[in-house]
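One structure, as structure tokens, below. Some questions next.
Read-outs throughout are calculated quantities, based only on the coordinates presented, and are distinct from any laboratory measurement. For clarity, every value in this text was computed on a predicted model and none was experimentally measured. Here Cβ is always computed from backbone atoms with ideal geometry, including for glycine, and neighbour counts include all displayed protein chains.
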Amino acid sequence: MAYRKLTRRAFSAAMAAALVVGAPVAAAAEQVVDSIHFLIPGGAGGGWDGTARGTGEALTKAGLVGTASYENMSGGGGGKAIGYLIENADSNHGTLMVNSTPIVIRSLTGVFPQSFRDLTLVAGTIGDYAALVVPANSDIKDLKGLIDAFNADPGGTAVGGGSVPGGMDHLVAAMVFQAAGADPVAMKYVPYDGGGKTMAGLLSGEVQAVSTGFSEAVELAKAGEVRIIGVTSPERVEAYADAPTMVEQGNDTTFVNWRGFFAAPGLPADKLAAYQAAIAKMYDTPEWEEVRARNGWVNIHNPGDDFNSFLENQEQVIGDLMKKLGFL
């Protein structure tokens, strides 16, 4: 099917090819940055939250950064935090904002007027696969079970996600449904503010499944609260190898969501260089490997101009895909 070729080649493969895997860098024996304040555009428990806090944990424990603080600023599909960073640029030179694929999607759909071009690009840092998840006690046991339930009762089989309609979680679920021969437009999507509220909605029965980041679901799956019925990785992820891939279930969908860090516009060059140096050195530390493995992340390192080139390419690829799916 043309769509399936688009999913793998024009979306997943093109994105993966554009990512630059972080090469080992000699670990720093001394502090590079005194402090970093991490600005998180969504609620607690989501992928942005986990990425910011995990990165801060690794940087401080490795001694590359003196102290790290965190601030969750939800609203406007991430636009509130972006607007705040831009409007208060002069007083935010010590702040790094985490973001990911949604900064491209939400700019394309007009959820907020800014784009990555309005910020200082620091570096892309990790990739996180997407997953479809159901409660552990659900009658839905696998991906086929979800599609069968949807085909039998489209209105009664809701899928939740931690992004706005037409956002990344919605888009990933639509990709999977389309590849399974189901109608993605008929899929009932329920948006939540961040991964924590999404999982709460799932466990309370508000939705029958959720589309989320793999790392957001791993601990709940290990605790026996949820069942991961499909991961958008080419092969099973070591962090939780019990979770099957979409591909092994006959669904031709792979996808990796990058995450990275942005700073306020006009950031002094020496500050930018220090942030980029700290992140580059982080990859070769055992503290980072512990965080990365725990979350099942893929190492990605796209600093500066490489990050900009990747985002421009992704903007084109995602825009084309969203038009084909009717989201634009």
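Taking every DSSP beta bridge that has both residues in the chain, what percent is antiparallel when rounded to the nearest 5?
Bridges in the chain that DSSP calls antiparallel: roughly 60 percent.
Follow-up. Rounded to a whole number, what is D in µm²/s for region 183-328 from Stokes-Einstein with the Kirkwood radius over alpha-carbon pairs (10 °C, 1.306 mPa s)?
Estimated via Stokes-Einstein, D reaches 87 µm²/s.
Just the number, please: Stokes-Einstein D of the chain in µm²/s, Kirkwood Rh from C-alpha pairs, 20 °C, 1.002 mPa s.
Result for D is 108 µm²/s.
Obtain the nm distance between the two label points defined at Ala200 and Glu57 by a simple spin-label model: each point lies 7 Å from its Cα along the Cα-to-C-beta direction.
2.2
If you don't mind, there's one more thing I want to ask. Determine the percent antiparallel among the DSSP beta bridges restricted to region 129-249, to the nearest 5.
Here the share of antiparallel DSSP bridges comes out near 55 percent.
Now, a different point. Based on Cβ point charges of +1 for Lys and Arg and -1 for Asp and Glu, what charge dipole magnitude is obtained for region 129-249 about its Cα centre, in debye rounded to the nearest 20?
Dipole about the Cα centre, nearest 20: 80 debye.
If you don't mind, another one. Just the number: Rg to Rh for region 191-256, Cα atoms, Kirkwood Rh, two decimals.
0.96
Right, another one. What is the spin-label model distance, in nm, from Glu235 to Ser35 if the labels are put 7 Å beyond Cα along the C-beta direction?
4.4
Looking at this model, which pairs from Lys80/Lys323; Lys197/Lys271; Lys144/Lys197; Lys222/Lys271; Lys141/Lys281 are more than 32 angstrom apart at the alpha-carbon?
From the list (Lys80/Lys323; Lys197/Lys271; Lys144/Lys197; Lys222/Lys271; Lys141/Lys281), the Cα-Cα distance tops 32 Å for Lys197/Lys271; Lys222/Lys271; Lys141/Lys281.
Still on this structure, please answer the following. Over all directions, what mean area does the Cα convex hull of region 129-249 project, stated in square nanometres?
With every direction weighted equally, the projected area is 6.3 nm².
Whole Å is fine, so just give me how far the alpha carbon centre of region 34-83 lies from that of region 186-227.
21
When Thr60, Thr101 are ordered from fewest to most other Cβ atoms inside 10 Å of their Cβ, what list results?
By the 10 Å Cβ count, ascending: Thr60, Thr101.
Just going by the charge dipole of the chain, with Lys and Arg at +1 and Asp and Glu at -1 on Cβ, which of Gln276, Ser107, Gly66 is farthest out on the positive end?
Checking the options against the dipole of the chain, the answer is Ser107.
Helix-only mean residue ellipticity at 222 nm, the chain, DSSP H runs n ≥ 4 weighted -39,500 (n - 2.57), per residue, nearest 500. What is it?
Computed mean residue ellipticity for the chain: -11500 deg cm²/dmol.
Sticking with this structure for a sec: Report the longest stretch of the chain that contains none of the GluC sites (Glu not before Pro) sitting in a DSSP loop with at most 12 other Cβ atoms within 10 Å.
Looking at the chain, 31-234 is the longest stretch - no exposed GluC sites (Glu not before Pro) with at most 12 other Cβ atoms within 10 Å.
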